[in-house]
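Everything below concerns the one structure shown next.
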Amino acid sequence: MCGISGFIDFNGSSSESILENISNTLLHRGPDAYGTNFFQETTFQLGLGHRRLSIIDLSESAKQPMQYNHLWITFNGEIYNYNDIKTELISLGHNFITNSDTEVILHAYSQWNVNCVNKLTGMFAFAIYDTSAEELICFRDRAGVKPFFYYWHEGLFLFSSELKAFHKHPKFKKEINIDSVAAFMQYGNVPTPNCIFNYCFKLKPGHILTFKLKQKEFEITKYWDVYDAYNKPKLDISFSEAKTETEKILTSSFDYRMVSDVPVGVFLSGGYDSACVTALLQKNSHRKLKTFTISVPDIGLNEAPYAKVVSKHFDTEHFEFECTQKEALNLIDDLPYHYDEPFADSSAIPTTLVCKMASQQVKVVLSADGGDEVFAGYNRYDYLMKYGGQLNQLPVYFRKGASRLMDLVPANKIPILKNKYNFFNRYEKLKGLLHDPSPKNMMLSLSRQFNESEIKKLFKKEVSDLPSAYFSDDLKKEFYSPLAYMMAIDYQTYLLDDILQKVDRASMSVSIESREPFLDHRIIELAAQLPDNYKYYQGQKKHIVKEIVHQYIPKELMDRPKMGFAIPIENWLMNELKNKVNDFVNDKDIKEQGIFNLNHIQHLKKEFYLGKKEYALKIWYLLMFQMWYKKWMD
């Protein structure tokens, strides 16, 4: 796990010192070693930068950028099956001088060209400079675990693991894309392939960018797509056979992610996904796993008792960290730096806390993210399966009337329900579902904080929807089901731009590597072809994973409501963060920026502080954007 960066400059405006400045912004991603290569050619300058977090082959010989013949590479990530590929390459006549996976990628590329990527199992973003062909070839892994930003404008091409690196090039133009701001206000992130700045983009997962230096142009090609799996017939297989095959692939994936030359741990929440990782790793190992759990009891975030039960059952070496609300609040000021695009998932706070604590014991940690998107674990799948059909059966006049009534009655006036977990946010989203309960609108309503009409009120100028996977129609009719539709979109949107971005920045901020064992491409390729009722069965989410886990831990030890890394945003904004809202979301700044409609923001703030707690996330999104703006634009 590292930080990569580089540029192609056809204007001759770059230098070695600029390359070093760009690379040094990624110090937190790779504090163990540093390297740059600057190529001064007749018609262009090309730079490759690397900050290394040493995980596999800790020796100096494995440092980057690395060269093999006419190929140079800067690589971020891990190739878990690199020894298998290495064995194949040796049989083809290749010789190796290191024990690193980086060298294996170089030799694989020299042997198979871009098709080498199909052999890689892992998480990765890397760029290869072929001096002979005069091409820069950039790759991103299938799920998008590792980030890859790029910029192309007026003869300057930049790339990096994080957007902040671009600010160090004097020719980088940081022009805000207003449509991207609107997308952020809807989703809490800027959906791939878009970026908050003009001329900036994210390379899509499963894609290759090839920059032809002679032609001064690049092309992007796809080598993998989750729809390749969803657009296949469901497997004609019994549940018992499916469970056996799923466990086999899960075990292989989990074991691969223990490959390391430094200590490895597991985040343990006590939920099914992390219990599954722990169970399948521990079943064939005599060495105790290191497991980590965090709790912040004074904000109601405490999974420690559940995690302790699982830890005790598997006899892991368990570390439990208890933090205070003050420690959580203190992280908020750092969010705009680490998430250098506007980012509004408040669970970034506890995620950063648990990464910080784990970094005291290990350098690599396994996270169970991805299980919900792959095996149907989210509550929204419940809403779709349980209530989607029922809502569609209600008369249109009844649904619209109920929605108008909800506009008049604040969520905090609803007895009993107002005390339920996440009720205020769910209350706000239900209004959108009542208007149109189709699977497509349900997906959008449950993903957005501001709907289309609210966006029009919020912005001074007209904005447009950006192209993104939210609007994909790639799921073929013959393989369509509402559940498959929603899960495939989640895999390419919420998982990619929220969960993976959150975990990458949180772990890298404290220089530890986070691995995602549920995101091995072999798992989704199998799971997508399993019948829907193997994943969602009689109201039970993640059915097949639960049945696997129950083989290793009694069901009664696992039965509890699903918990997330929930932060009490409503209460914080009403109390501890009220001054911060007033400081950042103030009339003067809003007027000067010229982005938002001041009257509507004043209305949202007023209504929220008068008791409309369902506006809490809207206020939080505004706060996160204004804090980002102050950090990167002022």
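Throughout, read-outs are computed from the coordinates displayed, never taken from laboratory work. Because the structure is predicted, anything quoted here is derived from the model rather than measured. All Cβ positions, even for glycine, are placed from backbone atoms using ideal geometry, and neighbour counts span all protein chains on display.
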Inset, instruction - May I ask for log10 I(q)/I(0) of region 162-263 at q = 0.16, 0.19, 0.21 Å⁻¹, from a Debye sum over the Cα atoms as equal point scatterers with solvent left out? - result: -1.01, -1.09, -1.16
Inset, instruction - Would you mind calculating the relative contact order of region 2-224 from Cα pairs under 8 angstrom and at least 6 residues apart, reporting the percent as a whole number? - result: 19 percent
Legend entry - Pairwise centroid distance, computed over Cα atoms, of region 264-332 with region 140-189, Å: 34 Å
Inset, instruction - Using amide H atoms built 1.01 Å from N in the peptide plane, name the residues 5+ places from Glu322, or on other chains, whose amide H lies under 5 Å from its own. - result: Ser295
Legend entry - Rounded to whole Hz, the Karplus (6.51, -1.76, 1.60) HN-Hα couplings of region 512-518, x for glycine and proline: 10, 9, 9, 10, 10, x, 7
Inset, instruction - Can you tell me the dipole magnitude for the chain around its Cα centre, using point charges on the Cβ only (Lys, Arg +1; Asp, Glu -1), in Debye to the nearest 20? - result: 1920 debye
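Give me the compactness ratio for region 216-323, meaning the Cα radius of gyration over 2.2 N^0.38 Å.
In units of the globular-protein estimate, region 216-323 measures up at 1.45.
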Legend entry - Cα centroid of region 31-94 to Cα centroid of region 334-379, whole Å: 27 Å
Legend entry - Pair-distance profile P(r), taking every C-alpha pair of region 124-219, with 10 angstrom steps and integer %: 16, 44, 34, 5, 1
Legend entry - Order of Glu241, Glu327, Glu373, Glu547 - criterion: other Cβ atoms within 10 Å of each residue's Cβ, fewest first: Glu241, Glu327, Glu547, Glu373
Legend entry - In order through region 5-17: 3J(HN,Hα) via Karplus (6.51 cos²θ - 1.76 cosθ + 1.60), integer Hz, x for Gly, Pro: 7, x, 7, 10, 10, 8, 9, x, 9, 9, 7, 5, 5
Legend entry - Angstrom value of the Kirkwood radius, inverse mean 1/r, which spans all Cα pairs in region 7-55: 11.2 Å
Inset, instruction - Can you give me the P(r) profile for region 2-224? Cα pairs, bins 10 angstrom wide beginning at 0, each as a whole percent. - result: 8, 35, 38, 16, 3, 0
Inset, instruction - Normalising by the residue count of region 477-614, find the relative contact order in percent from Cα pairs under 8 Å and 6+ residues apart. - result: 10 percent
Inset, instruction - Kindly give Rg over Rh for region 568-634, based on alpha-carbon atoms, with the Kirkwood expression for the hydrodynamic radius. - result: 0.95
Inset, instruction - Give the label of the value calculated from the structure for Cα Rg over 2.2 N^0.38 Å, choosing from (1) 1.10; (2) 0.95; (3) 1.43. - result: (2)
Inset, instruction - Using the structure shown, list the pairs from Lys456/Lys591; Lys580/Lys605; Lys580/Lys618; Lys174/Lys630; Lys164/Lys580 with a Cα-Cα distance above 22 Å, or answer none. - result: Lys164/Lys580
Inset, instruction - Just the isolated ones, please: cysteines in the chain lacking another cysteine beta carbon under 4.7 angstrom. - result: Cys2, Cys116, Cys138, Cys276, Cys323, Cys355
Inset, instruction - Return the long-range amide H neighbours of His207 (sequence gap of 5 or more, or a different chain), with a cut-off of under 5 Å between placed amide H atoms. - result: Arg140, Tyr223
Inset, instruction - Work from the charge dipole of the chain (Cβ charges, +1 for Lys and Arg, -1 for Asp and Glu, about the Cα centre) and give the residue of Ser285, Ser161, Ala616 farthest towards its positive end. - result: Ala616
Legend entry - Residues Ile249, Ile73 arranged by fewest to most Cβ contacts within 10 Å: Ile249, Ile73
Legend entry - Kirkwood Rh and Cα Rg combined as Rg/Rh, region 69-118: 0.90
Legend entry - region 122-133 - phi-based ³J(HN,Hα) in whole Hz, Karplus 6.51/-1.76/1.60, Gly and Pro as x: x, 10, 6, 9, 8, 10, 10, 9, 9, 5, 6, 7
Legend entry - Order of His603, His286 - criterion: other Cβ atoms within 10 Å of each residue's Cβ, fewest first: His286, His603
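Normalised by the number of residues in the chain, what is the relative contact order in percent for Cα pairs under 8 Å and 6+ residues apart?
Details: 1092 pairs, mean separation 103.4, N = 634.
Over the chain, the number comes to 16 percent.
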Legend entry - Whole-number D in µm²/s for region 528-597 (Stokes-Einstein; Kirkwood sum over Cα pairs; 25 °C, 0.890 mPa s): 145 µm²/s
Inset, instruction - Please work out how much length the chain gains when fully extended from Lys232 to Glu175, using 0.36 nm per residue of separation minus the C-alpha to C-alpha distance, in nm with one decimal. - result: 16.3 nm
